Each structure stands twice: as structure tokens, then as C-alpha cells.
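Read through the structure below, which is laid out as C-alpha cells, and then see the notes.
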Amino acid sequence: MESANYPRRGQIYLLSFKDSQGRAMRESHPALVVQNNTANRYSGVILVVPLTSNLKVADLPVGVLMEPPEGGVKKSSAIHCGQIHTINRNEFTPGILLGQVSPLTIQKVDKALKISLGLL
């Protein structure tokens, strides 16, 4: 899969959330790039939402269920749009790119993000 020179919206990367505290996602998790591609190309930071194996998250208004092999995931996962993270651009390397989600999943994520941000 082509990674270009910058992460693209809709791509899933395996990222470290090692600096997170409290109830935020910690350790390494797949994460979906949700920032627009213009910002992804020029910004030093990238907005992502983590994936979790806790499928109860998919039942929340801010969760989206995703089944393998979509996005390169190996097991059923929930995209957690209630935990938006900013990640340094340097952490995105081609070796940690897992895959790309479908346009339908992006539509579901867009709705979940709007709910999370109070835009709906």
C-alpha cells in the first residue's frame, strides 16, 4: 500500500500512546488518521483516533465497529472517536502502516466525530 510522504486520512497505523495517562488509550494500538490531507501534508502533528478490541465501545455513539481484514486489522475492533489524539508526524513510518478503511467506514467515523465534538 502506498504511504506517500505523509499519512493520509483513512489510513490505519500502529502507534504508541505511551505518554497517555488516566483512562486514555495506552501502549501500542492501531489508530485511524482523521485529519484532512492538506494538514497531514504540512503539519508537524497528525490527528488520530485509536482502535480498541473492547467492542463495547462500538455500541457508543462515538464508536464504530470494524471487522477484519478492513484496514489491515486482524480482529474485530472499535474505532474510538471519543479519544482524539495528536501524534507527532515523525512517528508515522511506512513500516507501521496497516491499511486503509473503506469510504463507508469513513462516513461512520465522520458521524461519530461530529457527535464527539458536539457538532451534531
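A short reminder: the numbers here are calculations on the coordinates, not readings from a lab. Keep in mind the model is a prediction, meaning the values are calculated, not measured. Positions of Cβ are backbone-derived with ideal geometry, glycine not excepted, and every protein chain shown enters the neighbour counts.
Karplus-derived 3J(HN,Hα) values for the stretch 73-80, using 6.51 cos²θ - 1.76 cosθ + 1.60 with θ = phi - 60°, are 7, 9, 9, 3, 9, 10, 7, 9 Hz; glycine and proline are entered as x.
Each Cα pair under 8 Å and six or more residues apart adds its sequence gap; the mean of these over the residue count of the chain is a relative contact order of 28 percent.
When exposed loop sites are taken as trypsin sites (Lys or Arg not before Pro) in a DSSP loop with at most 10 other Cβ atoms within 10 Å, the longest stretch of the chain clear of them is 24-73.
For the stretch 30-83, what percent of Cα pairs sit more than 18 Å apart? So the portion of pairs separated by more than 18 Å is 36 percent. Treating only the Cα positions of the stretch 11-116 as identical point scatterers, give the base-10 log of I(q)/I(0) from the Debye formula at each q in 0.24 Å⁻¹. Each listed q corresponds, in turn, to -1.53.
Simple point charges give the picture: +1 on the Cβ of Lys and Arg, -1 on the Cβ of Asp and Glu, and for the stretch 11-116 a dipole about the Cα centre of about 100 debye.
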